[in-house]
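Before any comments, here is the structure.
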Amino acid sequence: MTLDFSRPGKPTDNAYIESFNGRLREECLNVHWFEDLTDARAKLQVWKQEYNEERPHRSLKNLMPLQYKAQ
């Protein structure tokens, strides 16, 4: 395995990660004030669970991941 970085200024090199990072920032990091590392972990865990289980995804035909998996 080799580590490969996107070229500076070229977000299209890894569009999926850039999209995810944008959603993480917009939906979690910019919304919450973290008191300490424990608080940050707890809030990020809640967001992660919502993102992975409850939030509809365009790539899944606007279904929640658990709904898509059940098909």
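Any read-out appearing in this document is the output of simple, stated calculations on the displayed coordinates, not a laboratory observation. Because the structure is a prediction, the values reported are computed rather than measured. Every residue, glycine among them, receives a Cβ derived from its backbone with ideal geometry; neighbour counts consider all protein chains shown.
The loop-placed GluC sites (Glu not before Pro) in segment 9-52, going by DSSP, that have at most 11 neighbouring Cβ atoms within 10 Å of their Cβ come out as E35. Partner lysines whose Cα lies under 24 Å from the Cα of K48, excluding those fewer than 8 positions away in the same chain, are identified as K61, K69. In order along segment 13-26, phi translates into HN-Hα couplings of 4, 9, 4, 5, 5, 4, 5, 4, 4, x, 5, 4, 5, 5 Hz, rounded to whole numbers, per the Karplus curve 6.51 cos²θ - 1.76 cosθ + 1.60 with θ = phi - 60° and x for Gly and Pro. Annotation: amide H-H contacts under 5 Å for L63 (H modelled 1.01 Å from N, sequence separation of 5 or more, or interchain): H57.
What's the longest bit of the chain with no exposed chymotrypsin sites (Phe, Trp or Tyr not before Pro), using DSSP loop states and at most 16 other Cβ atoms within 10 Å as the test?
35-71
Residue by residue, segment 55-71 carries 3J(HN,Hα) couplings of 8, x, 10, 4, 5, 10, 6, 6, 9, 6, x, 5, 5, 4, 5, 6, 5 Hz when phi is fed to the Karplus relation 6.51 cos²θ - 1.76 cosθ + 1.60 (θ = phi - 60°); x denotes Gly or Pro. Rg/Rh for the chain (Cα atoms only, Rh after Kirkwood) is 1.05.
By how many nm would the segment from L37 to S59 grow when fully extended, if each residue of separation counts as 0.36 nm and the alpha-carbon distance is taken off?
Length gained, L37 through S59: 4.7 nm.
Relative contact order for segment 23-67: 23 percent, from Cα pairs under 8 Å spaced at least 6 residues apart, divided by residue count.
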